[in-house]
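> Take this structure first; my questions come after.
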Amino acid sequence: MLKRRRILVVGNWKMNPATLARAEKLFVDVEKTIKNKTLRVDMAIAPPLLYVGALSELSGPQKIEFVAQDVSTHESGAHTGEISAAMLRSHGIKCAIVGHSEMRAAGESDESINKKLHALLAVKSVAILCVGESERDGNGNYFGVVEDQLRSAFLDIKMDDVKRMVIAYEPVWAIGTGVNARPEDVEEMRLFINKVLTDLYDRATAEAIRVLYGGSVTPDNAAELLKQGAIDGFLVGGASLEAKKFVEIVKISDQYAKLA
Ligand code: PEP
């Protein structure tokens, strides 16, 4: 039985909504439904970076953390279009999603993912490292895929640093498809991730790292995934663009945290 960590629910807005006005409305709609509640879960949103300044002005007492959707491997210099970990931190953003399957599909390499983790750690920030297989075959090859992703991402990352990382298990075939992984398969992968981390570091380190699930999470499947999946929260894509659905997932997670 795995130890429970504090649940984290992250909404990845990707390149949405199309205008600042719509982003503000979505953010306010999320804020207002949780503003007077004491939540037992951590909550974060990864909006397009350009919106963060305006959205943070709208932040209420219930603190929603902002997470970046990516970070540069570089510290500074001639890297047009890139934003460094230090720049993010200077805007209060201490966490970035790294290795999202959409970035991997666009050519992001394991080496670049590892460099991004080092770049974040160099300024005492952290990553939500996404791992996950593209397809499920009958031979269990997906375990090897996830193991390779973890080993290469954490190359030369120290034990004390890795403890602060978050892993998001996101099977690519479940992202944006409306077909979530079965809770029992999520649990199996979660235990496998724990085994790989124990092998790479030690048991206490493995137990300290939060593992989220992402891939077509909705209010209809969140409770079951939490209960059976042995995960520590969610990385939510599509459903985070609808305030009602995202807040419902947060509430289900909060309720679960209360009972766990
Ligand atoms: C994602 O893109 O990280 C994701 C989990 O998307 P969705 O929830 O839409 O499947």
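The values are calculated or read from the model by the stated rules, or taken from the named source; none is laboratory data. Everything numeric in this text was worked out from a predicted model, so none of it was measured. Positions of Cβ are backbone-derived with ideal geometry, glycine not excepted, and every protein chain shown enters the neighbour counts. The accessibility values were calculated without ligands, DNA or RNA, using every heavy atom of the protein model including side chains. Shrake-Rupley method; radii C 1.70, N 1.55, O 1.52, S 1.80 Å.
> Please count how many residues of region 177-196 are in contact with a strand residue (DSSP E or B) (Cβ under 7 Å, 6 or more places away or on another chain) and over 22 Å from Asp148 (Cα atoms).
0
> Further question: Taking Lys258, is it under 18 Å from the mean Cα position of the chain (by Cα) and open to solvent by 30 Å² or more (accessible area, probe 1.4 Å)? Lay out the reasoning, then the answer.
Values: under 18 Å from the mean Cα position of the chain (by Cα): no; open to solvent by 30 Å² or more (accessible area, probe 1.4 Å): yes.
When the stated conditions are applied, Lys258 does not pass them.
Yes or no, residue by residue, for (1) touching a strand residue (DSSP E or B) at 6+ places or on another chain (Cβ under 8 Å); (2) more than 19 Å from Asn16 (Cα to Cα); (3) at pLDDT below 95:
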residue: Asn36; (1), (2), (3): no, yes, yes
residue: Arg40; (1), (2), (3): no, yes, yes
residue: Ile45; (1), (2), (3): yes, no, no
residue: Leu49; (1), (2), (3): yes, no, no
residue: Leu55; (1), (2), (3): yes, no, no
residue: Ile64; (1), (2), (3): yes, no, yes
residue: Gln69; (1), (2), (3): yes, no, no
residue: Ser84; (1), (2), (3): no, yes, no
residue: Ser90; (1), (2), (3): no, yes, no
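> Let me ask you something else. Answer yes if at least one residue in region 155-171 is over 23 Å from Ser109 (Cβ atoms), among the hydrophobic types (A, V, I, L, M, F, W, C) and open to solvent by less than 20 Å² (accessible area, probe 1.4 Å), and no otherwise. Spell out the reasoning first.
Let us first name the residues in region 155-171 that are over 23 Å from Ser109 (Cβ atoms), namely 159-160, 163-164.
Cutting the leftovers down to among the hydrophobic types (A, V, I, L, M, F, W, C) gives us 159.
After this cut, where a residue has to be open to solvent by less than 20 Å² (accessible area, probe 1.4 Å) as well, the list is none.
Looking for residues that are over 23 Å from Ser109 (Cβ atoms), among the hydrophobic types (A, V, I, L, M, F, W, C) and open to solvent by less than 20 Å² (accessible area, probe 1.4 Å), one finds none in region 155-171, hence no.
> Right, next: Does region 190-212 contain at least one residue that is under 13 Å from Val9 (Cβ atoms), of a type outside the set (Lys, Arg) and within 18 Å of the chain's Cα centre (by Cα)? Step through it out loud before you land on a result.
Residues of region 190-212 under 13 Å from Val9 (Cβ atoms): 210, 212.
Next cut, of a type outside the set (Lys, Arg) only: 212.
With the extra rule that they be within 18 Å of the chain's Cα centre (by Cα), the set shrinks to 212.
The answer is yes; a qualifying residue exists.
> Okay, next question. With the condition being of a type outside the set (A, V, I, L, M), I'd like the helices (runs of 4 or more DSSP H) fully within region 1-113 carrying at least 3 qualifying residues. Can you show your working first?
Details: elements: 20-34, 52-57, 85-90, 101-105.
Correct list: 20-34, 52-57, 101-105.
> Additional query: Condition check: of a type in the set (Val, Ile, Thr) and crowded, with 20+ Cβ neighbours inside 10 Å. Does Val67 satisfy that? Explain how you work it out, then say what you get.
Numbers: of a type in the set (Val, Ile, Thr): yes; crowded, with 20+ Cβ neighbours inside 10 Å: yes.
It is true that Val67 is of a type in the set (Val, Ile, Thr) and crowded, with 20+ Cβ neighbours inside 10 Å.
> Select from region 135-149 the residues that are in contact with a Phe, Trp or Tyr (Cβ under 6 Å, 6 or more places away or on another chain) and part of a helix (DSSP H, G or I) and list them in ascending order.
Once the filter is applied, which keeps residues that are in contact with a Phe, Trp or Tyr (Cβ under 6 Å, 6 or more places away or on another chain) and part of a helix (DSSP H, G or I), region 135-149 yields only Phe143.
> A further question follows. Can you name the residue in region 83-96 that is within 16 Å of Asp161 (Cα to Cα) and buried (at least 20 other Cβ atoms within 10 Å of the Cβ) and, of all such residues, is farthest from the ligand (Cβ to nearest atom)?
Step by step, filter region 83-96, then rank; the result is Ala85.
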